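**Student:** Sending over a structure as structure tokens; questions will come in a sec.
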Amino acid sequence: METAYTIVVPDADVLSRLCGTNDSNLNLIEQYLGVPVFSCGNELSVAGSDPDITRQFRYIIDRLLDEVSSGSDVGPELLTSVLQPDAPGGLSGSHSDVAIMVPGAVKKIFPITRHQTELVQTMRRKDLVFCTGPAGSGKTFLMAAEALRMVLSREKKRLVLTRPVVEAGESLGFLPGDLEQKIHPYLRPLFDVINTLLPPSSARKLLESGVVEAAPLAYMRGRTLNDSVIILDEAQNTTCEQMKMFLTRMGEGSKVFVTGDITQIDLPPRIPSGLVQAVRLFRSIPEIGLLDFGPEDVVRNPLVRKIVQAYENN
């Protein structure tokens with residue numbers, strides 16, 4: 001009997017959604033791999049023992065299982081984007097190697113577009129990475145997920161989340177509550193990522209133990225952060241002085257991820273953005289990763305992509 005590689009699927013309903021109507025999805029996967037793919041009970045198998053084919057088959061099924069667990073329908077459009085190497089989010093050697101697997105997470109994270117794939121690869125190669133782009137393009141989500149992976153895999157000791165909190169002339173000291181209550185609304189998008197990936201109890205333990213630390217940008221002055229992953233979110237709202245101060249906090253063995261949308265700068269008029277200046281200054285430094293996402297990378301509601309494109313075309 002010919003050998004086969006088999007993946008056990010959680011239940012019959014999930015298997016049915018993966019296979020598609022009249023096994024239409026399996027037929028597309030067969031055409032892509034060039035070998036038979038078949039189901040039996042709650043198992044999916046691919047014929048043969050070619051390691052490259054089994055690797056690709058495992059990636060395809062893992063990716064589709066992740067989509068199903070998120071409530072998505074595995075339709076022709078999604079499957080085509082996974083299988084076609086030249087399509088955004090399509091399967092390639094690089095795509096199959098950049099899944100973000102956070103220990104203890106409820107799901108794997110897969111980059112969907114080519115720029116997202118490049119971002120994950122760049123974060124793993126370089127210690128300082130800037131990523132600009134529109135809302136909904138996955139910048140913050142991927143950075144926070146990769147940072148969690150490194151911390152929970154014990155590659156780094158802690159994750160520090162920060163962002164500027166003065167966006168409309170309001171000082172942090174005038175906001176109600178203690179420090180945690182003051183900064184929580186500003187760092188909500190980063191907390192949302194943690195809560196999406198980890199069970200609530202795990203997320204709380206990380207914050208209570210200090211493994212994940214949230215700090216307003218103003219409180220970073222004078223610190224040296226060693227063996228850490230530091231994320232600066234909404235960096236378009238830093239001044240040039242704040243950006244310089246933040247970047248020089250980077251200590252031994254640390255990685256720094258900076259993200260922002262330069263089309264949504266909330267600084268007062270005539271105050272230049274530290275993110276815009278940094279991207280311009282660092283273009284000639286090969287050790288620094290610089291990525292710029294576009295409307296094609298927006299992965300929220302499809303209408304968001306059209307909104308971003310409309311503003312760009314204005």
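The values are calculated or read from the model by the stated rules, or taken from the named source; none is laboratory data. Predicted, not measured: the structure shown is a model, and the values here were computed from it. Cβ placement follows ideal geometry from the backbone for every residue including glycine, while neighbour counts extend to all protein chains displayed. The protein model used for the area step is the full one, side chains on, heavy atoms only, and it has no ligands, DNA or RNA in it. Shrake-Rupley method; radii C 1.70, N 1.55, O 1.52, S 1.80 Å.
**Student:** Being closer than 18 Å to Arg55 by Cβ and touching a strand residue (DSSP E or B) at 6+ places or on another chain (Cβ under 8 Å) is the filter here, so list the residues in segment 27-42 that pass it.
**Tutor:** Matches in segment 27-42: Ile29, Glu30, Leu33, Val35, Pro36, Val37.
**Student:** If I ask for residues that are modelled with pLDDT of 90 or more, out of contact with any Pro (no Cβ under 6 Å at 6 or more places or on another chain) and open to solvent by less than 40 Å² (accessible area, probe 1.4 Å), which ones from segment 99-127 would you list?
**Tutor:** Residues satisfying the conditions are Leu119, Thr122, Met123.
**Student:** Could you list, in sequence order, the residues of segment 37-63 that are exposed (fewer than 14 other Cβ atoms within 10 Å of the Cβ) and in a loop (DSSP other than H, G, I, E, B)?
**Tutor:** Residues satisfying the conditions are Gly41, Ser49.
**Student:** Residues being of a type in the set (Gly, Ala, Ser), modelled with pLDDT under 90, open to solvent by less than 40 Å² (accessible area, probe 1.4 Å) and over 30 Å from Lys306 (Cβ atoms): count how many of those fall in segment 128-186.
**Tutor:** 0
**Student:** Scan segment 3-36 for residues that are surrounded by 15 or more Cβ atoms within 10 Å (Cβ to Cβ), in contact (Cβ under 8 Å) with a residue 40 or more places away in the chain and within 17 Å of Val68 (Cα to Cα) and jot them down.
**Tutor:** Selection gives Ile7, Val9, Val14, Arg17, Leu18, Gly20, Asn25, Ile29.
**Student:** Only residues in segment 295-314 that are within 12 Å of Gly138 (Cβ to Cβ) and of a type in the set (Val, Ile, Thr) count as the first member; pair them with residues that are open to solvent by 70 Å² or more (accessible area, probe 1.4 Å) and modelled with pLDDT under 70, Cβ under 9 angstrom, at least 6 apart or cross-chain, and list the lot.
**Tutor:** Val298/Arg305; Val299/Arg305
**Student:** May I pose another question? So, in segment 114-140, exactly how many residues are within 23 Å of Gln242 (Cα to Cα) and in contact with a helix residue (DSSP H, G or I) (Cβ under 8 Å, 6 or more places away or on another chain)?
**Tutor:** Number satisfying all stated conditions: 11.
**Student:** Can you work out which of the residues in segment 241-272 that are touching a Gly at 6+ places or on another chain (Cβ under 8 Å) and free of Cβ contacts under 8 Å to residues at least 40 places away in the same chain is nearest to His115 (Cα to Cα)?
**Tutor:** Met243
**Student:** Does Asp261 satisfy the condition of being over 30 Å from Lys107 (Cβ atoms) and modelled with pLDDT of 85 or more?
**Tutor:** no
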